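Okay, structure first, notes after.
The values are calculated or read from the model by the stated rules, or taken from the named source; none is laboratory data. Just so we're clear, the structure is a prediction, and the values are computed from it rather than from any experiment. Here the Cβ positions follow ideal geometry from the backbone for every residue, glycine too, while neighbour counts run over all protein chains shown.
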Amino acid sequence: MKIIHTLSELREHLSAYRHPAVVPTMGNLHAGHLALVRQAKPLGDITVSTIFVNRLQFAPHEDFDTYPRTLDADCAQLEAAGCDLVFAPKEAEMYPQPQTFKVQPPSELADILEGHFRPGFFIGVCTVVMKLLSCTQARTALFGKKDYQQLMVIRNMVKQFAMPVDIVGGETQRAEDGLALSSRNGYLNATERQQAVLLSATLKTVAQALREGGSADIARLEAQAMQTLSSAGWKPDYVAVRRQADLQAPRAGDPMVVLAAARLGATRLIDNLEV
Ligand code: PAF
């Protein structure tokens with residue numbers, strides 16, 4: 001597996017390929033990322049992973065400085081999963097001058113849910129993803145469904161800009177107790193790690209109620225789920241039932257998804273379940 005840090009070297013190496021399949025990441029990899037790499041393998045003529053902690057998508061009070069940088073361990077795992085090439089640029093390579101051109105996603109998709117609680121987050125994500133897809137000449141790019149809204153925003157961006165990239169979603173990988181795998185799970189202490197199962201359990205309860213016909217009273221289900229989390233000491237930002245197609249309020253018969261974000265101690269976790 002080749003590890004490349006500069007754009008010029010990346011371009012030279014990729015000139016021999018027609019269909020890079022790319023898994024963009026911020027590193028500190030877990031089994032969810034590696035599943036995406038394995039999923040990418042048959043989808044291109046070279047499997048590329050990018051590792052870049054993107055300052056643009058972090059608010060000043062968020063964890064940009066402390067986000068774990070674990071390049072050596074990440075590369076070992078990527079190689080074992082069959083990745084052919086890692087592009088791990090330094091910040092000065094990706095942003096040699098302030099990135100004043102930015103991608104502004106539409107408010108109805110990007111200022112709700114995550115975007116409401118993390119203003120500017122999707123501008124940062126879209127800007128870096130567009131740049132990474134361009135740098136890697138991606139023809140297929142894979143993103144985890146755990147970041148459900150991110151996947152939807154990126155799909156729409158690629159479609160509206162007519163970028164020649166197929167966007168593929170990967171299923172959320174979970175620990176045995178149901179906790180969705182996330183790089184931020186590493187912030188949890190042992191007690192919090194045990195408590196963290198409540199987030200996926202709460203989503204399951206809402207999804208079950210919806211399947212049993214509870215869609216008439218979505219507001220009540222959302223409020224009950226928020227209450228469950230708050231009573232157990234979490235600080236929930238939202239538990240929301242939305243339609244899968246565009247994350248707006250569902251109408252009768254729409255395929256739905258339940259999404260949640262909540263803080264446990266100092267760690268903010270997100271998760272979702274399609275219904
Ligand atoms: O999901 C992530 O890890 C990041 O948001 C992404 C897509 C790599 C962009 O920095």
Hey, among ARG11, ARG18, ARG69, ARG38, which residue is part of a loop (DSSP other than H, G, I, E, B), more than 16 Å from the ligand (Cβ to nearest atom) and among the basic types (Lys, Arg)?
-> ARG18
Do we find that ALA201 is over 17 Å from the mean Cα position of the chain (by Cα), among the small types (Gly, Ala, Ser) and part of a loop (DSSP other than H, G, I, E, B) in this structure?
-> no
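This table checks each residue for (1) touching a Leu at 6+ places or on another chain (Cβ under 7 Å); (2) among the hydroxyl-bearing types (Ser, Thr, Tyr); (3) within 30 Å of GLY44 (Cα to Cα).
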site	(1), (2), (3)
VAL153	yes, no, yes
VAL165	yes, no, yes
GLU171	no, no, yes
GLY186	no, no, no
VAL197	yes, no, no
THR205	no, yes, no
Between residues in segment 70-84 that are at positive phi and residues that are of a type outside the set (Phe, Trp, Tyr) and assigned to a helix (DSSP H, G or I), which pairs lie under 8 Å by C-beta distance while being six or more apart or on different chains?
-> GLY82/VAL37; GLY82/ARG38; GLY82/LYS41
Checked THR47, THR127, THR100, THR136 against criteria (of a type in the set (Ser, Thr, Tyr) and out of contact with any helix residue (DSSP H, G or I) (no Cβ under 8 Å at 6 or more places or on another chain)); the one match is THR100
Tally of residues being among the small types (Gly, Ala, Ser), in contact (Cβ under 8 Å) with a residue 60 or more places away in the chain and surrounded by fewer than 18 Cβ atoms within 10 Å (Cβ to Cβ) across segment 223-271 | 2
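Let me confirm something: among ALA162, ALA201, ALA207, which residue is free of Cβ contacts under 8 Å to residues at least 12 places away in the same chain, closer than 25 Å to GLN248 by Cα and not acidic (Asp, Glu)?
Residue meeting the stated conditions: ALA162.
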Go through segment 142-169 residue by residue and tally those that are surrounded by 19 or more Cβ atoms within 10 Å (Cβ to Cβ), more than 8 Å from the chain's Cα centre (by Cα) and within 17 Å of PRO20 (Cα to Cα).
-> 4
For segment 123-148, what are the residues that are part of a helix (DSSP H, G or I) and either more than 11 Å from the ligand (Cβ to nearest atom) or among the aromatic types (Phe, Trp, Tyr) (or both)?
-> ILE123, SER134, CYS135, TYR148
Does segment 49-58 contain at least one residue that is at negative phi, of a type outside the set (S, T, N, Q) and in a helix (DSSP H, G or I)?
-> yes
Is it fair to say ASP74 is closer than 22 Å to ALA138 by Cα and not hydrophobic (A, V, I, L, M, F, W, C)?
-> yes
So which residues in segment 41-51 are within 16 Å of the ligand (Cβ to nearest atom) and touching a residue at least 60 places away in the same chain (Cβ under 8 Å), if there are any at all?
-> VAL48, THR50
Could you tell me which residue of segment 2-40 is farthest from CYS135 (Cα to Cα), considering only residues that are of a type in the set (Ser, Thr, Tyr) and over 16 Å from the mean Cα position of the chain (by Cα)?
-> TYR17
Taking GLN97, is it outside any loop (DSSP other than H, G, I, E, B) and modelled with pLDDT of 95 or more?
-> no
Answer yes or no as to whether ARG220 is assigned to a helix (DSSP H, G or I), more than 24 Å from PRO255 (Cβ to Cβ) and among the charged types (D, E, K, R).
-> no
Complete set of residues in segment 100-116 that are part of a loop (DSSP other than H, G, I, E, B) and in contact with a Pro (Cβ under 9 Å, 6 or more places away or on another chain) = ASP111
